[in-house]
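What follows is one structure encoded as structure tokens, with my remarks underneath.
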Amino acid sequence: MAYVSASVYTSHVPAIGAALDQGKTQEPYWQPLFAGYEFSKQWMQEAKPDVIILVYNDHATAFSLQMIPTFAIGTAAEFRPADEGWGPRPVPMVQGHPELASHIAQSVILQDFDLTIVNEMDVDHGLTVPLSLMCGQPTAWPCPVIPFAVNVVQYPVPRGQRCFQLGQAIRRALDEYDEDLNVQIWGTGGMTHQLQGPRAGLINKQWDSKFLDKLIDDPEAAAAIPHIEYVREAGSEGIELVMWLIARGAMSDVAGGSKPTVRHRFYHVPASNTAVGHLILENGH
Amino acid sequence: MALDKPYLDIPGTIIFDAEQSRKGYHLNQFCMSLIKAANRERFKADERAYLDEWPMTEEQKQAVLARDLNWCIRTGGNIYFLAKIGATDGKSFQQMAGSMTGMTEEEYREMMIKGGRSPEGNRYLGEDGDAQAHRQPQGNSHHAQAKEM
């Protein structure tokens, strides 16, 4: 059976990818940010996941306004890093896990989550920046990755509650899988930020801190946060945080198991326009 | 029944909902086309001619030519799509976001380093925060522009 060993939460700011790709990680502006992920890179080497389910949002890259899937799972064997307008990031191809992805799609759809199945797509900074932060700059990513894209571009995005339930459905799907696999699930995006209008640059440290506390100790309460609170308190793009609830919903305690262990917690302002938050939660074995 | 829009009372913010998306469909699809390098070249070679290939409104084309992102957003643009124009111009997300506040690049960068824009006074229309209409535009960028005109 496949099982979730840990969940990882991190922002996915494009400028972080650019800073890494251009060798700026030791500049005073970026150094404190990358220092916050040193532990995480070590931890990744020890955790050795077989597969990562990476929840992220596409930023007008694979999906234009022609089609806007609310939840989309990548079932391809590989995914190319996208050209988002600046040229593609110089990072490795992303290897998928078609068997597990197809299994999750089938199981989760039969649990009434109507996923869109994507057999071909490029992946943007939403997916590659978290991989870079957690794995550094390897010549190949350490394991296959299943891209799981959530619409957070056009309102309404899925409700936090729905995302949290979807995470639970994904965990049940893993329970039914024949092969023994160590799976991590990552929720990415956020934390507070607003990229548009005269209110651009909004950061709400107090709210972010409370969100992290809630996500760890009372995920049901985090899932109950309504959209309007995200927009008002966390900025129009802060609503990306609903994606963290998918990862949180897949943890054992939500299904009656023991509380996860907080292996790492990090918060830094700013990365470009954004408050960066990062958590590693481990399930007990 | 009309769409419920509980977010209309937030200052300095336009939520990209179905209505904005309908209004901005061709504007955003034009932006999307710029993820191809060949299209970026064609756009840079003759912006007006490239824009005329799209069934956008004249106002949307003017907003793009002026690189006025607030104007683009009012006419249905979404920031993730508009970012393709910025990328074509070699601008970062921070430069793009800052350009919507009236601040210079340095002023905006400085605000972010100091912890960003406070939510205080910026949660509801009618409060007194720096994103409220009566306190906009902020910063020196628009003063510099006014002198040039």
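With R₀ set to 22 Å, the beta-carbon distance separating A:Gln111 from A:Asp180 gives a calculated FRET efficiency near 0.50. Electrostatic bookkeeping for A:Tyr29 treats Lys and Arg as +1 and Asp and Glu as -1; over the other residues with beta carbon under 15 Å from its beta carbon, the sum is -1.
How would B:Asp128, B:Asp89, A:Asp124 rank on accessible area, largest to smallest, probe 1.4 Å?
The ranking, largest first, comes out as B:Asp128, B:Asp89, A:Asp124.
Under 18 Å of direct C-alpha separation, and excluding same-chain neighbours fewer than eight residues apart, B:Lys5 reaches these aspartates and glutamates: A:Glu229, A:Glu233, A:Glu237, B:Asp17, B:Glu19. Taking 18 Å as the cut-off, the amide N atoms of the stretch A:229-262 that come nearer than this to a point 7 Å along the Cα-to-beta-carbon line of B:Arg135 belong to A:232-236. Note on chain A: with charges restricted to the Cβ of Lys and Arg (+1) and Asp and Glu (-1), its dipole about the Cα centre is near 760 debye. Structure remark: mean-square fluctuation, Gaussian network model of chain A, C-alpha springs under 10 Å; the largest value among A:Ser64, A:Ser252, A:Ser236 belongs to A:Ser64.
The mean number of partner chain beta-carbon atoms within 10 angstrom of a residue's beta-carbon across peptide B:110-121 is 6. With both labels modelled 7 Å from their Cα along Cα-to-Cβ, the A:Glu229 to A:Lys210 distance reads 0.7 nm.
Return the equivalent ellipsoid semi-axes of the stretch A:79-202 as a descending list in whole Å, where each equals the square root of 5 times an eigenvalue of the C-alpha gyration tensor.
26, 22, 13
Compute the label zone of B:His26 within the stretch B:39-64: residues whose backbone N is under 16 Å from the point 7 Å along Cα-to-Cβ. Hits in the stretch B:39-64 for B:His26 at 16 Å: B:48-64.
Pairing chains A and B buries close to 4000 square angstrom of accessible surface in total, based on protein heavy atoms and a 1.4 angstrom probe. Taking 1.306 mPa s as the viscosity and 10 °C as the temperature, the Stokes-Einstein diffusion coefficient of the stretch B:15-90 based on its alpha-carbon Kirkwood radius rounds to 132 µm²/s.
Rolling a 1.4 Å probe over the protein heavy atoms gives the protein assembly as shown an accessible area of 40 Å² per residue.
In terms of distances greater than 19 angstrom between alpha carbons, the cross-link table entries A:Lys24/B:Lys91; B:Lys61/B:Lys84; B:Lys36/B:Lys84; A:Lys41/A:Lys205; A:Lys210/B:Lys114; B:Lys44/B:Lys91 yield A:Lys41/A:Lys205; A:Lys210/B:Lys114. Taking every DSSP helix (H) stretch of at least 4 residues in chain A, weighting each as -39,500 (n - 2.57) and dividing the sum by the residue count yields a mean residue ellipticity at 222 nm of -9000 deg cm²/dmol. Split the accessible area of the stretch B:15-90 by element, probe 1.4 Å, and carbon with sulfur accounts for 51%. For the stretch A:1-157, the calculated P(r), taken from all Cα-Cα distances in 10 Å bins from zero up to the bin holding the longest distance, is 10, 39, 36, 13, 1, 0 percent. Restricting to the protein assembly as shown, compute how many DSSP beta bridges are antiparallel as a %, nearest 5. Given both bridge residues lie in the protein assembly as shown, the antiparallel proportion sits at roughly 45 percent.
To the nearest Å, what is the center-to-center distance of the stretch B:1-47 and the stretch B:54-128, using C-alpha atoms only? If we compute the Cα centre of each part, the gap is 12 Å. Multiplying the residue separation of A:Asp21 and A:Glu99 by 0.36 nm and removing their Cα-Cα distance gives an extension gain of 24.9 nm. Across the stretch B:15-90, C-alpha contacts under 8 Å between residues 6 or more apart give a mean separation that, scaled by the residue count, equals a relative contact order of 48 percent.
The values are calculated or read from the model by the stated rules, or taken from the named source; none is laboratory data. Predicted, not measured: the structure shown is a model, and the values here were computed from it. Please note: Cβ atoms are built from the backbone with ideal geometry, for glycine as well, and neighbour counts cover all protein chains shown. To get the accessible areas, we keep the full protein, side chains included, count just its heavy atoms, and leave off ligands, DNA and RNA. Shrake-Rupley method; radii C 1.70, N 1.55, O 1.52, S 1.80 Å.
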